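Structure first, then comments.
The values are calculated or read from the model by the stated rules, or taken from the named source; none is laboratory data. Fair warning: this is a prediction, and the values are worked out from it, not measured in the lab. Positions of Cβ are generated from backbone atoms using ideal geometry, with glycine treated the same way; all protein chains shown enter the neighbour counts. Surface areas here come from the heavy atoms of the whole protein model, side chains and all, with no ligands, DNA or RNA. Shrake-Rupley method; radii C 1.70, N 1.55, O 1.52, S 1.80 Å.
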Amino acid sequence: MTAGLDDLRAQIDDVDARLVALLGQRFELTRGVGWLKADGGLASLDPGRERAQDARFADLAKSAGVDPTLVRQVFDDVRTAVRHEHDLTRPFTIAEMQDAERRSQAEFGVSLVELMDRAGQALAATARRMTNGAVLVVCGTGNNGGDGYVCATGLLKHWVDVTVCAVAPESLAAGTLAGDAAAAYMGAGGRVVAASKDLDLGGMGSSLIVDALFGSGLSRPVEGVYAHLISQINDCGVPVLSADIPSGVNGDTGEIMGVAVRATRTLMMGLAKPACFVSDNFGICEVADILPPDLVAQLVQ
């Protein structure tokens with residue numbers, strides 16, 4: 001039995017080596033396509049092409065007796081990595097991103113509520129890739145905090161041990177984006193700890209912190225409980241995932257507004273921000289596809 005087990009494992013190792021080599025070749029080919037698109041001013045998203053690929057992957061998986069979902073996950077990771085390289089070739093100012101959000105609603109019927117849901121779900125998916133342990137989501141009172149609440153709700157639905165550390169949760173009004181997102185999280189049974197200057201984030205047993213304190217429009221120095229939380233996040237010694245911009249960084253200039261989160265990874269929403277090219281606080285940069293693909297195609301031309 002031992003000899004047979006060793007033989008099967010050796011075969012698996014051989015297949016793994018060939019699979020990794022083939023995926024490497026595909027990644028380089030796909031990257032070449034991405035750079036040609038970038039040089040030609042074409043959008044990274046090609047929904048028609050991707051739908052055709054998905055159908056082909058499903059047929060190949062069926063022929064091989066493999067779950068098509070597993071095949072999609074592998075190739076989605078390759079496509080996402082290449083798309084992020086493409087999206088990071090050109091930054092957009094905070095004002096341009098705000099205009100893109102307005103156009104999403106006015107021209108494409110994608111509301112701010114839907115954009116926040118897409119952003120929060122993208123955060124949750126990235127958080128799940130970064131850890132299988134407990135997650136602490138630190139939320140401010142603005143729309144960036146709303147993204148954090150949606151993220152926390154998404155983590156709950158995947159049975160992740162998640163807690164929200166909330167700044168002034170009592171100030172979130174019903175009918176606002178952040179207020180409704182917070183209410184949905186608490187309605188799903190989510191735990192909330194109110195932020196204070198005495199709170200020790202390091203003692204909460206988290207294996208990942210999601211930073212959703214400030215958004216990209218920060219223009220004032222960070223003070224008070226916010227400064228305390230940012231210092232605590234930086235001192236916790238666990239990976240940090242920032243939503244859109246590491247809190248405390250000016251999104252256009254990269255200036256540190258007194259104190260700023262030092263992120264392990266930053267998931268920028270919709271478009272790359274100028275600060276990611278000049279600030280070391282972002283860690284690994286990614287772009288979440290939350291905007292309508294047709295709008296992105298217009299913007300990158």
Exercise. So what's the angle, to the nearest 10 degrees on a 0 to 90 scale, between helix 94-108 and the longest Cα principal axis of the chain?
Worked result: 70
Seminar exercise, completed: Per residue, accessible area of the range 166-231 with a 1.4 Å probe, heavy atoms of protein chains only, in Å², comes to 46
Problem set entry | Percent carbon-and-sulfur accessible area, the chain, ignoring ligands, DNA and RNA, probe 1.4 Å | 55
Problem set entry | Computed over the range 88-136, the ratio Rg/Rh where both radii use C-alpha atoms and Rh is Kirkwood | 1.11
Seminar exercise, completed: Amide H neighbours of residue 194 at under 5 Å, excluding residues fewer than 5 places away on the same chain, with H built from the backbone geometry, are 166
Exercise. Which ³J(HN,Hα) values, rounded to whole Hz and listed in residue order, are derived for the range 188-194 from phi using the Karplus coefficients 6.51, -1.76 and 1.60 in 6.51 cos²θ - 1.76 cosθ + 1.60 with θ = phi - 60°, glycine and proline given as x?
Worked result: 7, x, x, 8, 10, 10, 6
Seminar exercise, completed: So, for the Cα atoms of the chain, Rg and Dmax in Å stand at 20.8, 68
Exercise. For the residue pair residue 170 and residue 114, what label-to-label distance in nm results when each label sits 7 Å from Cα along the Cα-to-beta-carbon direction?
Worked result: 3.7
Exercise. Do the sum for the chain: with -39,500 (n - 2.57) for every DSSP H run of n ≥ 4, divided by all residues, what is the mean residue ellipticity at 222 nm, to the nearest 500 deg cm²/dmol?
Worked result: -17500 deg cm²/dmol
Problem set entry | Derived scalar couplings ³J(HN,Hα) [the range 285-297; Karplus, 6.51 cos²θ - 1.76 cosθ + 1.60; whole Hz; x for Gly, Pro] | 9, 9, 10, 8, 7, 9, 7, x, x, 5, 5, 4, 4
Exercise. Under the Karplus relation 6.51 cos²θ - 1.76 cosθ + 1.60, θ = phi - 60°, what is the ordered set of whole-Hz ³J(HN,Hα) values for the range 119-127, x standing for Gly and Pro?
Worked result: 5, x, 5, 5, 4, 4, 5, 5, 4
Exercise. Peptides 95-101, 255-261: what's the order by average Cβ count within 10 Å, highest mean first?
Worked result: 255-261, 95-101
Seminar exercise, completed: Rounded to 0.05, the calculated FRET efficiency for the beta carbons of residue 13 and residue 298 at R₀ = 45 Å is 0.40
Exercise. Ranked highest first by average number of other Cβ atoms within 10 Å, how do 165-176, 280-291 line up?
Worked result: 280-291, 165-176
Exercise. How big is the range 196-301 on each of its three principal axes, counting only the C-alpha atoms and giving the largest first in Å?
Worked result: 49, 29, 21
Exercise. Give me the log10 of I(q) over I(0) for the range 150-217 at q = 0.26, 0.28 Å⁻¹, as the Debye formula computes it from C-alpha points; what are the numbers?
Worked result: -1.40, -1.48
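How high is the relative contact order of the chain? Use alpha-carbon pairs under 8 Å, at least six apart in sequence, and give a whole percent.
17
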For this session: Note the angle between two axes, namely the Cα long axis of helix 2-39 and the longest principal axis of the Cα atoms of the chain, as a number of degrees from 0 to 90, rounded to the nearest 10.
Result: 70
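What ranking, highest mean first, results for peptides 6-19, 178-191 when packing means the other Cβ atoms within 10 Å averaged over each residue?
178-191, 6-19
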Seminar exercise, completed: The long-range amide H neighbours of residue 162, using H built 1.01 Å from N in the peptide plane and a cut-off of under 5 Å, are 135
For this session: Could you check what % of the DSSP bridge pairs in the chain are antiparallel, to the nearest 5?
Result: 5
Exercise. How far is helix 68-87 tilted off the main Cα axis of the chain, in degrees rounded to 10, range 0 to 90?
Worked result: 60
